[in-house]
Structure formats: C-alpha cells, structure tokens
Amino acid sequence: MASHKTHYEDCDVLVVGGGMAGTGATFEARHWGRDLKIICVEKANIDRSGAVAQGLYAINCYMGMQWGENQPEDHVRYARNDLMGMVREDLGYDMARHVDSTVHMFDEWGLPMMKNEKTGRYLREGKWQIMIHGESYKPIVAEAAKKSADKIYNRIMITHLLMDEEKENRIGGAVGFNMRTGHFHVFRAKTVIVAAGGASHIFKPRAVGEGMGRTWYAPWSNGSAYALPIAVGAKMTQMENRIVLCRFKDGYGPVGAYFLHLKTYTQNANGENYEKKWYDQTKELVGEYIDHHPTPTCLRNHAFIQETMAGGGPIHMVTTEAFQDPHLETVGWENFLGMTVGQAVVWASQNIDPKYTNPELTTSEPYVMGSHATCSGAWVSGPEDLSPPEYFWGYNRMLTVDGLFGAGDTVGGSAHKFSSGSFTEGRLAAKAAVKYIQDQKAEGIKVTDKQCNNFKEAVYKPLETYTVAQNEITGGTVSPSYISPIQGLQRLQRIMDEYVGGIATNYMTNANMLKRGLELLAWLEEDLEKVGAEDLHQLMRAWELKHRALTSQCVTEHTMFREETRWPGYYYRGDHMKLDDDNWHCLTVSRRDPKTGKFSLEKVPVYHIVDENEKKKAS
Ligand SMILES: Cc1cc2nc3c(=O)[nH]c(=O)nc-3n(C[C@H](O)[C@H](O)[C@H](O)COP(=O)(O)OP(=O)(O)OC[C@H]3O[C@@H](n4cnc5c(N)ncnc54)[C@H](O)[C@@H]3O)c2cc1C
C-alpha cells in the first residue's frame, strides 16, 4: 500500500463521471459558481467516454417548444405511459422544460444538426427525436466541460464516497485510483455530483466467450452510479425496472430510425403481424394499458417474447421495402456508421444486405439505467416549484445524503431523458449544488486521514491478495485463495440471469427464485473479499465487479418487493403475473444500512402532477 502515492485535492464541486450528465454538470457549475473550484473525475477519457462514446445519430429528447411542436406536459404524459404509470413527474417536467435550451447550445457549439429543408426546423425522426450527424457529439460536449473545469482527471476510477465526520449523513468527497499510474487520489469536496452512467453486464449477456462485450449497452458502464450512493446509505428507487431492448440481432444496432424515419415494420417468420396475435393475452395481464398509444415499450417486447416462445421466430425487421428508396437506404446505413459500426460489420459477415434480406431482431439481456426507456436510480429531491412534500427536501437532484447530487442514469424515476436530457439534468444538479454551497450548507466538513487510509487499504487489497495467492496457483488461473474478476463476473451474471429474470428463463422469476438469488449474492459478496488483481487494469475490473455486485443486490431486493408484473417484457413475477394497480400503483424506495448491509424497502405514492393540476384548473 505504501508504494502507491497519495494525491490530495480540495474542491467545491466534484463531478464523478464525465459522460453526458457529468459534462453538463461541469459546464453549468462554472456558470453559477464563477469563483468555485470545480473538478471532474472520469474513469476513461471524457473525449470518448460513456454511452455516447461512439457517437449518436439522433438526439432523442427535444420538445421543439419554439415551434409549438411539444410541451413539457406532453413529454410527462409520454414517459408516464411508456413506464406503465410509474414515473416522478416533477423530475420529468423539470428536465423537459429545460432540455431545448441544452440542444440549442449543442447547435451553437458546432454539433451538425439535420434540418428539414421545407420548414428549416430540426429534422424530426419521431415525435421526440431529432436527427444529427453525431459522430463527434461526445468530443463537442467534452470541450465545454474542459473549458469550465479547474481540472479534469481522466483515467481515475472512483471507488468510494467520503463522508463528513462532523455532521451525520453529509458528503465529504470521494476517493479512487489512477489506472495508469496506480496513484491513490483523495478528493475532499463540499458537494459531489454522481454521474457515472448505468449498469451493463450484471445479467449474463447473450454474447459470451469470444463475443463477450458485444452488448447493446456500453460494456464499461458498471453501476458505479448506483453502488457509490447505495454504499453510503442513499435511498434508491425503481431498481426493479430493468430494461430489455429489442434490437438488430448480434450487433445490437438501434431500431429507432428504422421504425420512425424509414417506416420499417416487424413480422414473424411466416410474414405475419405477430403483435396483434398477443393482444387478448396481454390485456388479461395488464388491462387497459395495452390500449394506450403509443404501445408501451415493455408490452411490445412482451409480444416479441411470447411469439418467439410459441415458435413464431425468428422475428424480422422488414427493410427490403424501404431500402428500395436510395435516400432511405443511405439513411439506414449512415445510422449505423454514426453510432454502431459493429452492426454493419455483423451484417457484412452474415451476408445480409437489408435491401434484399430482412434482418433478424432479438431481445437483449436486461440492463439497469435511469435515462432511457426505464428509470432505475437514486431517490432525489425535485425542484421546489413542482414537487410535492414527499419529493422535496431542499435542493433539486440532491439524494437523501446531504451534499450528494445525481444526474442522468444515476437518477431514478425520470425516464426518457436520453443524451440531451441527461446533460440537462447535470446542469440542474450543478446549479443546485452551487446554491447548496452558497447557502453555507457545506461549512465545517471534516474528513480525517484515517477514513482516507482505510479506503486506500481496501482499494489496493485485490493486488495484495493476488501477490500472495499467486504462489498457490494450481494451474492456469486456478488458485484456492483468490478469484479473478472475470470469474467473479461470470458467477454474478449467472446468478442474475437464472434467478432474477434474465434470458435463461425468458425474463421469468418469482419470490423463491429471488430469495435463492439473494443468498447466492450474499455468498458472492463474501467471496469478493478474496478477489485478486494481477495489475492495475485488473484492479479496475475488480472494483467494477464489486460495484456491479452491490447494484445487483439492490435490483434483486426491489424485484422481490414489488409483488406484481408491472412491466411484462422487461421481467415477469411468475407468482404475481398480473399488473396490480390496487396495491402497486406506487414507487418503490430502498435504503441499505451501511453498517449492517441490510436493505429496507417502502412504497411511496406516485403523484400524477400534470393532469392533477389540469383537473384542478378545470374545476
Ligand atoms: C446503446 C445506447 C444507445 C443510445 N442511443 C441514444 C440516442 O440515439 N439518442 C440519445 O439521445 N440518447 C441515446 N442513448 C442514451 C444516452 O446515451 C444516455 O442517456 C446518456 O449517455 C446518459 O448519460 P450519463 O452521463 O448518465 O451516462 P454516460 O454518458 O454513460 O456517462 C457516464 C460516465 O461515467 C464514467 N464512469 C463510470 N463509472 C465511473 C467511476 N467509478 N469513476 C469515474 N468515472 C466513472 C464513464 O466512463 C462515463 O464517462 C443511448 C444509450 C445507449 C446505452
């Protein structure tokens, strides 16, 4: 341990993760806190990090208020419908009312936006999406963050949050290590904004062995956004609401532009519209939700899964009609070149030209994230002008730990933010964090060297474990005294897959399975004390795994708590197969006691603010 040098940095605003939300937070913190010290710490390099690393072809959240295209209320209704009623409408509205200003800045900063030649407006792909030439989306927003921060630290993985030792439940900063130099970094901070993305690879992926890493979601998103707050006792919400994506098979290329812009459609192996076939069965499970427009994403997945289980697969996207139009053919290919080159390569390798062959679709393994068509994440305060008392405790986007804020995938209850909404939420969190400092809420924070040194010892323990235990290797990587990160990861993925509703069981689970899953996760947690790392890269893998494991515990506890099947197509509770609005029209909130490691869960009312306000106005 002594061989790892320690660096100390004191700052006002510490942003953990420089993805979309983190760059937004860093930028906005400077706007409100001209004289504050603002630091952003990133595991990779902010020029090409996070889910947008490779680029995007569409900004999926833009109201178009300047042209009267949509209003924030419309977006709240849309997200509420898609999530089967379960969203924090205060957070969604707050994001939606600010998101256009974010997109206009992207335009000013040089992001190439496609324009509708007839109207001069941004070219719409769908009601909420606008099209961009977005290969350089991430470097563009990173530049804004770089110009705003006092310092950006790349290649540092944050492993733990620091707590104030003077006042209970107040944040004190964060620690981590540099994956190149091996140095230990202590960031003592008045406020911390966690913006560390969602969680892939907690469920076993479809692609294993030589294809491992080929998932829809970025493989480097490892759940730090959840594990860091969970570890210090922050409350979480809707962690059961994992997402399953219907995407092009093997390459996971996006389908949005195909459905919305190219007007392609799906069919089963016999050329039938299979979604209609499952209408009555779905109505039995979820009642009138199946009649909502647009059909909630999970229910479309449900029809896909049922059809495949009934032997109607493979399911295809009908591209051969749209691709006869040379313009649409170009758009179809460019869609991948700007964000998922791998899909084009997969098609080439499988001899698929979508002009002549309809490509296959698949449903992905589940992921946990808070900004897409799902809303797992931290339980945060909303804005003071919108939020009911249960949803408001002083500072917008502050978690239930004082001075700890969140944005993007970190924040639960607010789905459909996407890239632009995550950047916007980072801005909102940063504005509130600056106000928290200006209100003198962060005075007198005490973080002792003892706290930092304890973490330092824990951080490098996997290196120590390997150094000692390698002498006992019996063959290859097998040792009785340690497990490697990949062995631990594969064990985690199997537990989640087989017990918590992954692909092995067609997303099915029940209380008995979940109980067993929790037992196995507890034993894994014990064994992870013995994870060994042979170098700094493996040390990162070890900590990614620990964060994934803690996130998984929380997901399993939540899935156990909600005794209904609210989102068929995302997962099924076989012992409670129906949606149950009488008992479960509510949000779920958990807290893990940092001392005992035990989770407690509660139901919290879901308020339908938008239409309630309208009803009140009408009466
Ligand atoms: C496959 C895919 C396709 C998408 N397509 C679109 C689209 O077409 N249009 C659209 O608008 N949106 C799209 N989105 C959504 C958009 O990418 C996300 O909403 C957005 O990136 C979320 O922002 P974030 O900052 O929360 O997470 P990210 O942007 O993923 O950033 C998280 C950052 O935290 C860093 N980090 C993680 N752990 C640590 C740690 N321990 N220490 C330090 N740093 C850490 C990561 O390296 C990363 O840079 C897509 C998302 C995915 C996954």
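The values are calculated or read from the model by the stated rules, or taken from the named source; none is laboratory data. The structure displayed is predicted, hence computed values, not measured ones. When we count neighbours, we look across all protein chains shown, and the Cβ atoms used for this are built from the backbone with ideal geometry, even at glycine. For the accessible areas, the whole protein counts, side chains as well, though only heavy atoms, and no ligand, DNA or RNA atoms are used. Shrake-Rupley method; radii C 1.70, N 1.55, O 1.52, S 1.80 Å.
State yes or no: is Gly253 of a type in the set (Gly, Ala, Ser) and either modelled with pLDDT of 95 or more or surrounded by fewer than 21 Cβ atoms within 10 Å (Cβ to Cβ) (or both)?
So Gly253 does not fit the description; no.
Could you count how many residues in the stretch 534-575 are part of a loop (DSSP other than H, G, I, E, B) and either open to solvent by less than 10 Å² (accessible area, probe 1.4 Å) or in contact with an Asp or Glu (Cβ under 9 Å, 6 or more places away or on another chain) (or both)?
Within the stretch 534-575, residues that are part of a loop (DSSP other than H, G, I, E, B) and either open to solvent by less than 10 Å² (accessible area, probe 1.4 Å) or in contact with an Asp or Glu (Cβ under 9 Å, 6 or more places away or on another chain) (or both) number 11.
Within the stretch 494-506, count every residue that is open to solvent by less than 40 Å² (accessible area, probe 1.4 Å) and either in contact with a strand residue (DSSP E or B) (Cβ under 6 Å, 6 or more places away or on another chain) or farther than 17 Å from Thr362 by Cβ (or both).
4
What tally of residues in the stretch 464-488 results from selecting those that are part of a helix (DSSP H, G or I) and not charged (D, E, K, R)?
11
Specify the residue that is most open to solvent (accessible area, probe 1.4 Å); the eligible residues are those in the stretch 449-484 that are free of Cβ contacts under 8 Å to residues at least 12 places away in the same chain and β-branched (Val, Ile, Thr).
Result: Thr474.
When the residues of the stretch 1-24 are narrowed to those that are of a type in the set (Gly, Ala, Ser) and more than 9 Å from the ligand (Cβ to nearest atom), which ends up modelled with the lowest pLDDT?
Of the stretch 1-24, the ones of a type in the set (Gly, Ala, Ser) are 2-3, 17-19, 21-22, 24.
Subset that is more than 9 Å from the ligand (Cβ to nearest atom): 2-3.
On the way: Ala2: 56, Ser3: 85.
This residue is Ala2.
Identify the single condition in (1) surrounded by fewer than 18 Cβ atoms within 10 Å (Cβ to Cβ); (2) not in a loop (DSSP other than H, G, I, E, B) that Cys11 does not satisfy, given that it satisfies every other one.
Here Cys11 clears every test but (1).
Looking at (1) within 16 Å of the ligand (Cβ to nearest atom); (2) more than 18 Å from the chain's Cα centre (by Cα); (3) modelled with pLDDT under 95, which is the one condition that is false for Ala373?
It fails just one condition, (2).
Consider the stretch 398-420. How many of its residues are crowded, with 24+ Cβ neighbours inside 10 Å and either away from the ligand (no atom under 16 Å from the Cβ) or within 18 Å of Gly233 (Cβ to Cβ) (or both)?
Summing the residues that are crowded, with 24+ Cβ neighbours inside 10 Å and either away from the ligand (no atom under 16 Å from the Cβ) or within 18 Å of Gly233 (Cβ to Cβ) (or both) in the stretch 398-420 gives 9.
Residues that are closer than 24 Å to Ala373 by Cβ and touching a strand residue (DSSP E or B) at 6+ places or on another chain (Cβ under 9 Å): does the stretch 516-539 have at least one?
No, the conditions are met nowhere in the stretch 516-539.
Among helices (runs of 4 or more DSSP H) lying entirely in the stretch 189-300, which contain 1 or more residues that are more than 30 Å from Glu563 (Cα to Cα) and not small (Gly, Ala, Ser)? If you could, list the steps in order and put the result at the bottom.
On the way: elements: 224-231, 256-260, 274-277, 279-286.
Passing ranges, in order: 256-260.
Of the residues Val194, Val244, Val141, Val186, which single one is at negative phi, in contact with a Cys (Cβ under 6 Å, 6 or more places away or on another chain) and surrounded by 19 or more Cβ atoms within 10 Å (Cβ to Cβ)?
Working: Val194 fails: in contact with a Cys (Cβ under 6 Å, 6 or more places away or on another chain); Val244 fails: in contact with a Cys (Cβ under 6 Å, 6 or more places away or on another chain); Val141 fails: in contact with a Cys (Cβ under 6 Å, 6 or more places away or on another chain).
Within the list Val194, Val244, Val141, Val186, the selection yields Val186.
Within the stretch 14-36, can you find the residues that are open to solvent by less than 70 Å² (accessible area, probe 1.4 Å), closer than 21 Å to Arg188 by Cβ and not small (Gly, Ala, Ser)? Show your work before the answer.
Initial filter on the stretch 14-36 (open to solvent by less than 70 Å² (accessible area, probe 1.4 Å)): 14-30, 33, 36.
Filter again for closer than 21 Å to Arg188 by Cβ, leaving 14-18, 22, 25-26, 29-30, 33, 36.
Result: Leu14, Val15, Val16, Thr26, Arg30, Leu36.
For the stretch 214-222, does any single residue satisfy the condition of being within 24 Å of Gly24 (Cβ to Cβ), charged (D, E, K, R) and open to solvent by 30 Å² or more (accessible area, probe 1.4 Å)?
So the first thing to find is which residues in the stretch 214-222 are within 24 Å of Gly24 (Cβ to Cβ), and the list is 216-222.
The next check asks that each one be charged (D, E, K, R); those that pass are none.
No, that holds for no residue.
Answer yes if at least one residue in the stretch 313-322 is surrounded by 21 or more Cβ atoms within 10 Å (Cβ to Cβ), over 28 Å from the mean Cα position of the chain (by Cα) and among the hydroxyl-bearing types (Ser, Thr, Tyr), and no otherwise.
yes
Given (1) crowded, with 22+ Cβ neighbours inside 10 Å; (2) on the phi < 0 side of the Ramachandran plot; (3) not charged (D, E, K, R), identify the lone condition not met by Asn45.
(1)
In the stretch 149-182, which residue that is touching a Gly at 6+ places or on another chain (Cβ under 6 Å) and assigned to a strand (DSSP E or B) is farthest from the ligand (Cβ to nearest atom)?
Arg170
So, of the residues in the stretch 58-87 that are outside any helix (DSSP H, G or I) and more than 16 Å from the ligand (Cβ to nearest atom), which turns out to be surrounded by the most Cβ atoms within 10 Å (Cβ to Cβ)? Working first, answer last.
Filtering the stretch 58-87 down to residues outside any helix (DSSP H, G or I) leaves 58-64, 68-71, 83-87.
Among the residues that remain, those that are also more than 16 Å from the ligand (Cβ to nearest atom) are: 68-69, 71, 84-86.
Values: Gly68: 8, Glu69: 17, Gln71: 16, Met84: 22, Gly85: 18, Met86: 24.
Ranking the candidates gives Met86 first.
Any idea which of (1) under 18 Å from Ala231 (Cα atoms); (2) assigned to a strand (DSSP E or B); (3) within 15 Å of the ligand (Cβ to nearest atom) is the one His185 doesn't satisfy?
(1)
Out of Asp291, Asp325, Asp280, I need the residue that is over 25 Å from Asp82 (Cα atoms) and either open to solvent by 20 Å² or more (accessible area, probe 1.4 Å) or within 16 Å of the ligand (Cβ to nearest atom) (or both). Which one?
Answer to the selection: Asp325.
For the stretch 135-190, give me each residue that is basic (Lys, Arg), over 13 Å from Thr23 (Cα atoms) and either without any contact (Cβ under 8 Å) to a residue 24 or more places away in the chain or touching a strand residue (DSSP E or B) at 6+ places or on another chain (Cβ under 8 Å) (or both). Even if it seems obvious, please write down each step before you answer.
To start, the set of residues in the stretch 135-190 that are basic (Lys, Arg) comprises 138, 146-147, 151, 155, 167, 170, 180, 188, 190.
When the remaining residues are screened for being over 13 Å from Thr23 (Cα atoms), the result is 155, 167, 170, 180, 188, 190.
Scanning the stretch 135-190 gives Arg155, Lys167, Arg170, Arg188, Lys190.
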